[in-house]
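K.L.:
Got a structure for you, written out below as structure tokens; questions coming shortly.
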Amino acid sequence: LCCGPGDVGRAVRARYPKSRIDCLDRDVFLISICIATNRREGVSGQCFVRDLWNADWSRGLERDYDVVATANALHWLDARRVFELVKDVFRLLRPGGVFLFVEPACNEPTFAAGFAEWKSRQPSRYRRENWERFWGRANEILGYDHTKLLGSRDSHLDEGMPVSGWVQVLKKAGFEPIDVLLRDADEVMLAAAKP
């Protein structure tokens, strides 16, 4: 979900070379990069232009995926839409299928002081200049500022969901078990299985 240029799907396929990777993103420019790169690298699967804000975003997708994966996409939605989306993902997975995602996560209020101190000592994994360099070059090629087409992000979770909040959303949608695979200064990686 929200595959952008398709890096997550290709990383999965590198580990599982016989897998079929379906990719979905609302951004036509980024999905075009995904389609071209997947074709060049022989990645099987379909690509869909869909917006996760739309209730019918999953039309035409399989209903028995082994894995649905996304990275840094859900926090752009509001809490209500995240919950609806997680329920949709649950329905897309086969029994035993896994929802794997990476999202920003804030600290629990009880641990705020210690977490902030720990976080300040962690090296930055992402650099704003890399993001700006990519979009600067892309906009130059396109001839317009593509990032303006992405729309307002006024109503979203941003980094306002603690790990326990993500776990509760998953449980309410029916996922069990749920595991935190990675927690660093800025993000959490969760895996949740459909019973």
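K.L.:
What is the dipole size for region 22-146, taken about its Cα centre, with +1 at each Lys and Arg Cβ and -1 at each Asp and Glu Cβ, in debye to the nearest 20? Present the calculation step by step, with values, prior to reporting the outcome.
P.N.:
Details: 18 positive and 19 negative charges, 37 e Å.
It comes to approximately 180 debye.
K.L.:
Which order do M161, M189 take when ranked by solvent-accessible area (1.4 Å probe, heavy atoms of all protein chains), largest first?
P.N.:
These residues rank, largest area first, as M189, M161.
K.L.:
Just how much of E176 is accessible, in Å², when a 1.4 Å probe is used and the result is rounded to the nearest 10?
P.N.:
100 Å²
K.L.:
What is the sum of charges around A192, taking Lys and Arg as +1, Asp and Glu as -1, for the other residues whose C-beta is under 9 Å from the C-beta of A192?
P.N.:
0
K.L.:
Then there is this: All other residues with a Cβ under 12 Å from the Cβ of Y16 taken together, and with Lys, Arg as +1 and Asp, Glu as -1, what is their net charge?
P.N.:
With Lys, Arg at +1 and Asp, Glu at -1, the net is +4.
K.L.:
Work through the residues other than D25 whose Cβ is under 15 Å from its Cβ and net out their charges, Lys, Arg +1 and Asp, Glu -1.
P.N.:
-1
K.L.:
Show the residues, 5+ positions off or on another chain, whose built amide H is closer than 5 Å to the amide H of G97.
P.N.:
K194
K.L.:
Sticking with this structure for a sec: Do you know the relative contact order of the chain, to the nearest whole percent, from alpha carbon pairs under 8 angstrom that are 6+ apart?
P.N.:
Value for the chain: 22 percent.
K.L.:
So, with a 1.4 angstrom probe, what is the percent of accessible area on the chain that is carbon and sulfur?
P.N.:
C and S atoms contribute 55 percent here.
K.L.:
Here is a further query. Roll a 1.4 Å probe over the protein heavy atoms and report the accessible area of R59 in Å², nearest 10.
P.N.:
Its heavy atoms expose roughly 120 Å² to the probe.
K.L.:
Skip the ligands, DNA and RNA, and give the accessible area per residue of the chain with a 1.4 Å probe, whole Å². Don't jump to the answer; show the numbers that get you there.
P.N.:
Values: 11200 Å² over 195 residues.
Per residue, the chain has 57 Å² of solvent-accessible surface.
K.L.:
Let me ask something additional. Rounding to the nearest 20 debye, state how big the charge dipole of region 5-75 is about its Cα centre with +1 on each Lys and Arg Cβ and -1 on each Asp and Glu Cβ. Walk me through the intermediate numbers first.
P.N.:
On the way: 11 positive and 10 negative charges, 57 e Å.
The dipole of region 5-75 has a size of about 280 debye.
K.L.:
Taking amide H positions as placed in the peptide plane 1.01 Å from N, state which residues far from V188 in sequence (5 or more) or on other chains have amide H under 5 Å from it.
P.N.:
It is E103, A105, by chain and number.
K.L.:
Rank L182, P17, G160 by how far each Cα sits towards the positive end of the charge dipole of the chain (+1 on Lys, Arg Cβ; -1 on Asp, Glu Cβ) and give me just the farthest.
P.N.:
About the Cα centre, the residue reaching furthest to the positive side is P17.
K.L.:
Using +1 at the Cβ of each Lys and Arg and -1 at the Cβ of each Asp and Glu in region 34-111, identify which of V67, F48, P104 lies farthest towards the dipole's positive end.
P.N.:
Result: F48.
K.L.:
Can you list residues from other chains, or at least 5 along the same chain, whose modelled amide H is less than 5 Å from the amide H of C47?
P.N.:
C23
The values are calculated or read from the model by the stated rules, or taken from the named source; none is laboratory data. Because the structure is predicted, anything quoted here is derived from the model rather than measured. Positions of Cβ are generated from backbone atoms using ideal geometry, with glycine treated the same way; all protein chains shown enter the neighbour counts. Remember, those area values only see protein heavy atoms, side chains included, never the ligands or the DNA or RNA. Shrake-Rupley method; radii C 1.70, N 1.55, O 1.52, S 1.80 Å.
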